[in-house]
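Quick notes on the structure that follows.
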Amino acid sequence: MQRKMRRSVAIAVAASAVFGLAACSGGGGANPTSDDGSMKGTIKVWDLLVGSDKNWKATMDKVDAQFEKDHPGAKIDRIAQPADPATIHQLMQAAAQSKSGPDLIMIWAWGDVLTLKPSLVPIDKYISKKERDSLTGWDGVTFGGETYGVPIGLQGLGISYNTKLFQEAGLDPDTPPASVDDLLTACKALNAAGITPIGGGNKEGYLSGWTTSTLYAGTATTKEAAKQATYTAPFTEAPFADAAAGVMKLVDGKCFDKNMPATPWYPDGFQKFQDGKAAMQFTIYSQFGYMTDPKIGQYVKFIPSIENTRTPEFLPAGAMNVWAVTSFSQHKKLAAELALFQEQAKYQQERLDTAGYFPNNKGVSFDDFLKTHPGAAPLVKMLKDGAKTVLPVHNMQDAKTNDIYQSQLELVMLGQTSLKDALQATEDSRKQQYPVLMGSQ
Amino acid sequence: MTALLTPDTAVEEPIQPHGRGRRRRPWSPTRWVVVAVCAAIAVSTIYPFVFMAFTSLKTSRDYVDNKLGLPIPPTFENFVTALTGNLGVSFVNSVITVGAGTILTVILGCMGGFAFAFLRFPFRAGLLRLIMIIMVLPVTVLIPPIFKVILDLGLVNTYPGLILLYVGLSIPAGVYMMATFFMAVPKELVESARIDGASPFRVFFNIAVPLARPAFITLGTFTFLGLWNELLFALLIMSSPEQRTLPVAITLLRQSVQNPTLVQDAIISAGLLMSAALPFLLFVLFNRQITQGMVAGALK
Amino acid sequence: MMGKRRMRKYSSIGTLALFLGPSLLIIALLRVWPVIQGAFIAFTQWDGIRPPVFNGLDNFTRMLSDPVLLTALGNTGKILILAPVWIILPLLLAAVIQDRIPGASFFKISYVLPVLVSPAVIGVLFVIILGPDGPLNIVLRGIGLGALAINWTVDTTLVMWIVAGMLIWSTFGLGVLLFSAGLASIDESLYEAARIDGANWMQRFWYVTVPSVRGVIEYWTVMVVIMAFSSAIVLGYAFSQGGPGYASTTVDLFIYNQAFRYGAPGYATAIGITLFLLIGILLVIFLRLSRRRGELMFDDSGTPL
C-alpha cells in the first residue's frame, strides 16, 4: 500500500512538471493572427463608461443598434468594466493567457497601449484616409509606424479660474495669468485678499501630475515633446526638469493651501473651488461642468495654456481613451470598423452636448456647447485655429515611473526630499522600465 | 441553575454559558469601567455603518458640503439609482453564488475534516500541513492560471463556474477548520462507536455532524463573509450583466477618474448598504445559535 | 477471539474517496495546480501579456537587492508587531462580554460590523476623520492639544501604524465571534475549581480560559497571519495609496503593483510564492511547537473507522 502510494505521488509530480512546461511553452508558441476574421457573430466590447454614465450609454445604445443594422449577422455585446487600469490589466492578463476574451477594448492612450501591445493588432489597414484625417490624437496610439487603436475624445489640462474672486483681489478678470510669473503675481494678490489662490489636494499625488503637464506645455517645443513620446528624454534635464521646477515655484510662491499635501484631491481639493473659496483650479476638459454649476458657473473661465520658459507651442491634450482590437479576436475587421463607427462626428456631437465629453473629431460643432459653457471659448478658439495637441506628459510615463514621480513630488512638497533627488529617482525608473515598456528585452 | 454547576453533579446536563445567571452582587466600579470601555469600542465600530447609512441618504452635493453630519433632509434617490442600475439582479446572483459556495464549502469541509480527524490514511499529517500552507498562499498572483482552469472546464460565465471557484477559494480553510475542530473532540465519544463496530458513515452522521453544528455556523459565517464582497474573480468569470454579482455592480456605479467633479461616494454607499444588509441580517438571526454554545461536553 | 481480528492499517479506499476525495480534488485543481504553474512563472521574466521568458534566478536576486521591497516588508512587519494584540484582544473581549457584562449579543454584532463595511469605505472615512481639518484635529485643538494636530494621513512615520491599527480595528470582531463560540464550551467546573483556589479574574483568564481555547487561538493566529499579509491592500490603498513615498506600502500592495501595474507579474509571483512558503513553513513550525506537551495531533489508538 505504502509503495503504491509513493509511486502514484511520483507520477503525479512528474505529470505536473510536464503539464507545467507545456503550459509555459504553449503560451509562447502562438503568434497573434492578423487575418480579418469573420464579419458575422458577436463582438464583445469592454466599455469603461457605459456602466456609470447614463448619457454615454444612451449614445452607445444608438451606436449598437445602427451598427447591427448596417452589418447584418453582427451582434454587439457591450460589457461594462470598471475604469481602473490595474483591474483592466488583470482581466487582460487572464484573457491573453487563455487567448480568449473581448474583441474590442477601451483602454488609455500611450502607456496602456504599449503595455498591452502584444495582445493588440495594428489596424492601419482598416482606417480610411478620410477617417484618419477626421480625428486627432493618433500620436497616442501609433508606435513603430503602426496604429494600435482609435482615439476617443480629447482630454487636456489647463486652469479654470473664478472671475468674481479675481475682481475681489483687484485682478483683471479679462486678462488672466498667462505665465508662471503672472500666476505668482496673482497668487500674491489673492493671498493678500484672503482667498486661496489655487485649490487642489495632493494627497494622492494627482496635483503634481496635472500641474507638471500643464507647465510642460509651456516649457517644451513640439520637437522635444515628440522625443518625450519615444520615452528617451531624461527626466533630470530640460524640458521636464524645468516643468517640475515650475511646479515647485508655484508651491513655494504659496499658491496652494498650506494643507494641500494632506488634502485628498477629490472631493476635498475640488471643494474649495466649487464653493467659490478658491480662485483657480487645475482642471481637465471633461470638468467644464463647473461652468454650469449654480454657485460659481457664471464666473468660471478657462485658461488653456500657461507659459513657463517659452510660449506654448502645443496644448497639453490627447486622447481621453482609445479603442483597441485584441489579437485573439475572431472578428478583427468588424471590431475595427465598430471602433471607427463609434467615433463618427454625429456620435461625438451627441456625447459633447449631453455629457460634456470633448470631441477629437474635427466635424463636431461647439456652437451649442459654447452657449452653455462660454468660459471655454479660448480653448475652442485655439482648437478651431488648428492648435497642435500633444498627450500630457504625465500620461507619457509607464505606471511605475508615474507612481514614483508622483510620490517623490509628494515628498518634495512635504519637505522630505529635494527636487533634484526626486527627478533622479524618476529618471532611474524610466531607464529601468524602458526596455520593459518598449518590448525590447 | 447554580446547582447544575457544582463539581459533583454527575448528571449529563448542558453546560451553561460561562458565568451567566449568577449575578446578584451589586456592580463594582471595575465592572462599570469595563462596560464603559466595551461600550466605547462598540460605538467606534458601529460608526462606519452609521456613516455609510447617512452618506447614502444624502445627495452628492449635501455629502460634499457636510460629510459627517446628519442627512437633513434625507433622500432616497441614491437607492433608486442603485436599484435601477441592475442591483436587484446582482443581489440575487450574489446570493446564489456565495450561498451555494458557502454551503458546499461547509459540507465538503466537514467531510474532509472528519477524514483527517477520524480516518486513517498515509501522509495524513503532511497533507494537513500542506493544506495549511495552501491556505496561506495568496491567490492574487495566481489569477491567470486559476482563470485558465475554469476556462478549460468550459465554465466561464456560468454559475457553476463561479461557485466552483468560490469553493476552491474557501475549502482549504474549511477543511483545516473542521479538522482542527474534530481533532479537539474528546476521543471517548468516537471510541464507543468504534468499539461497537459502527461504520464511518454512522459515526459521521450520528455523532460528528450533530457535534459540529456550532462549527458549521462559524465556518459558514467566515466563508460567507469572505465571499460576499469578493470582487475580482466575480468580475473575471461573469461578464453578462444579468449574471454579475453585487460587488461588481457596485464598483460599476463608480464613474471613471475622467470626471472627478461627480462625487460617487453617496451612490456607492447606498449600494454598499444594501449589500451589507444581508450579512447583517444573517448575523442577527444566527447570533442565537452562536451564543447557545455546544453540547459537546456531554461527558465531563 | 480478539487475536484473530486483523487490524486494518488504513481506512478503506471507498470511505476515503467519499470523504476526502471531493475536497482534495478541488484543492488540487484550483489551488495546487495554479501554484505549480505559478512556480514556473516565478523563474521567468514576464509582463503578463507576452510569452514568459525563462530567466533563472534573476527574480530572486532582484528581490534581495530591491530597497522598496525591503520597505514594504518593514511595513508589513509593523502590522506583525501588532499581531499579538490582534490575537489576544478579541479573546479578552470575548471573555469579558461572556462573563462580566450583559448584552453579549449586542456587543458581538457591534464589533463585527466593520467587517461588513467595505474596507474602501473605512479607508475613505478615516481620511475624512484624520484630515488636516477633520474632527480629530478639531477636537485636539479644542482641548488644547493643538500641537498634536498634525497631518495624520501624510506623516511618513505614523501612517503605517495608523493603517495597521485600522486593520485590527476593522477585523477583530471576527475574532470575538470565533472565541465566543469557543468559550461557550468551556467546562464551568474548571472555573469553579480556580475560584475555590482563590484565583482572581485575570488569573482565571490566563490559566483556565486561554489553555482551554488553545485550538481556537491557533486557528485565529493563522487567520491573523493571513490577514496581515493580504488584507491591508484595499484598506491601505483607500487611505493613503501606499504613500507618502512608500511609507504605507505593504508587501501585498507591492506584489499587486508589480503584477498588475508595473508589468512584472513574473517578479511578483517570485516574491509572492517565496514569502508565503516561508510563512507557511513558519506557521507549521509554530503549530508543531505549540503542541509541546508531547500530545499527538492524531490519536490512532483503537479500531480504525
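The values are calculated or read from the model by the stated rules, or taken from the named source; none is laboratory data. Just so you know, these numbers come straight off a predicted model, no measurement behind them. Methodologically, a virtual Cβ is constructed for each residue, glycine included, from the backbone with ideal geometry; neighbour enumeration extends over all protein chains shown.
The set of residues in region A:110-143 being more than 20 Å from the chain's Cα centre (by Cα) and among the hydrophobic types (A, V, I, L, M, F, W, C) consists of A:Val121, A:Ile123, A:Ile127. Scanning region C:41-70 for residues that are part of a helix (DSSP H, G or I) and surrounded by 19 or more Cβ atoms within 10 Å (Cβ to Cβ) yields C:Ile41, C:Asn59, C:Leu69.
Would you call C:Ala164 of a type in the set (A, V, I, L, M), more than 11 Å from every other protein chain (Cβ to nearest Cβ), part of a helix (DSSP H, G or I) and crowded, with 23+ Cβ neighbours inside 10 Å?
On the way: of a type in the set (A, V, I, L, M): yes; more than 11 Å from every other protein chain (Cβ to nearest Cβ): yes; part of a helix (DSSP H, G or I): yes; crowded, with 23+ Cβ neighbours inside 10 Å: yes.
Spelling it out, C:Ala164 is indeed of a type in the set (A, V, I, L, M), more than 11 Å from every other protein chain (Cβ to nearest Cβ), part of a helix (DSSP H, G or I) and crowded, with 23+ Cβ neighbours inside 10 Å.
C:Gly123 meets the conditions (1) in contact (Cβ under 8 Å) with a residue 24 or more places away in the chain; (2) closer than 30 Å to B:Asn66 by Cα; (3) buried (at least 22 other Cβ atoms within 10 Å of the Cβ) in every case but one. The failed one is (3).
Quick check, is B:Tyr166 of a type outside the set (D, E, K, R), under 22 Å from the mean Cα position of the chain (by Cα), surrounded by fewer than 18 Cβ atoms within 10 Å (Cβ to Cβ) and more than 9 Å from chain C (Cβ to nearest Cβ)? No. When you look at B:Pro200, is it within 8 Å of chain C (Cβ to nearest Cβ), under 19 Å from B:Arg120 (Cα atoms) and not β-branched (Val, Ile, Thr), yes or no? For B:Pro200, the condition - within 8 Å of chain C (Cβ to nearest Cβ), under 19 Å from B:Arg120 (Cα atoms) and not β-branched (Val, Ile, Thr) - is met.
Consider C:Ser212 carefully, then state whether it is polar (S, T, N, Q) and more than 30 Å from C:Phe43 (Cβ to Cβ). For C:Ser212, the condition - polar (S, T, N, Q) and more than 30 Å from C:Phe43 (Cβ to Cβ) - is met. Residue count for region A:178-222, restricted to those that are β-branched (Val, Ile, Thr), part of a loop (DSSP other than H, G, I, E, B) and surrounded by fewer than 23 Cβ atoms within 10 Å (Cβ to Cβ): 2. For C:Gly182, state whether it is modelled with pLDDT of 85 or more, assigned to a helix (DSSP H, G or I) and crowded, with 21+ Cβ neighbours inside 10 Å. So C:Gly182 does not fit the description; no. Residues of region A:372-390 that are part of a helix (DSSP H, G or I) and among the β-branched types (Val, Ile, Thr): A:Thr372, A:Val380. For region A:396-441, filtering for residues that are crowded, with 21+ Cβ neighbours inside 10 Å, within 11 Å of another protein chain (Cβ to nearest Cβ) and outside any helix (DSSP H, G or I) leaves 1. You will find that of C:Ile285, C:Ile255, C:Ile271, C:Ile217, the residue that is at pLDDT 85 or above, farther than 30 Å from C:Asn55 by Cα and assigned to a helix (DSSP H, G or I) is C:Ile217 and no other.
Kindly check whether there is at least one residue in region A:162-174 that is surrounded by fewer than 24 Cβ atoms within 10 Å (Cβ to Cβ), of a type in the set (Gly, Ala, Ser) and outside any strand (DSSP E or B). Within region A:162-174, one or more residues are surrounded by fewer than 24 Cβ atoms within 10 Å (Cβ to Cβ), of a type in the set (Gly, Ala, Ser) and outside any strand (DSSP E or B). Considering (1) assigned to a helix (DSSP H, G or I); (2) out of contact with any Lys or Arg (no Cβ under 8 Å at 6 or more places or on another chain); (3) at pLDDT 80 or above, the lone condition that C:Thr249 does not fulfil carries the number (1). Evaluation of C:Pro84 against the conditions (1) of a type outside the set (A, V, I, L, M); (2) farther than 30 Å from A:Thr87 by Cβ; (3) buried (at least 17 other Cβ atoms within 10 Å of the Cβ) shows that the sole unmet condition is (3).
One residue is enough: does region B:231-247 have a residue meeting the conditions farther than 30 Å from B:Lys148 by Cα, buried (at least 20 other Cβ atoms within 10 Å of the Cβ), within 8 Å of another protein chain (Cβ to nearest Cβ) and at pLDDT 75 or above?
No, every residue in region B:231-247 fails to be farther than 30 Å from B:Lys148 by Cα, buried (at least 20 other Cβ atoms within 10 Å of the Cβ), within 8 Å of another protein chain (Cβ to nearest Cβ) and at pLDDT 75 or above.
Taking the conditions (1) within 12 Å of another protein chain (Cβ to nearest Cβ); (2) in contact with a helix residue (DSSP H, G or I) (Cβ under 8 Å, 6 or more places away or on another chain); (3) not hydroxyl-bearing (Ser, Thr, Tyr) in turn, C:Pro102 satisfies each one other than (2). Restricting A:Leu116, A:Leu91 to those that are in contact with a strand residue (DSSP E or B) (Cβ under 7 Å, 6 or more places away or on another chain), among the aliphatic types (A, V, I, L, M), crowded, with 17+ Cβ neighbours inside 10 Å and facing another protein chain (nearest Cβ under 8 Å) reduces the list to A:Leu116.
Restricting region C:16-25 to residues that are surrounded by fewer than 22 Cβ atoms within 10 Å (Cβ to Cβ) and facing another protein chain (nearest Cβ under 8 Å), the residue that is modelled with the lowest pLDDT is C:Leu16.
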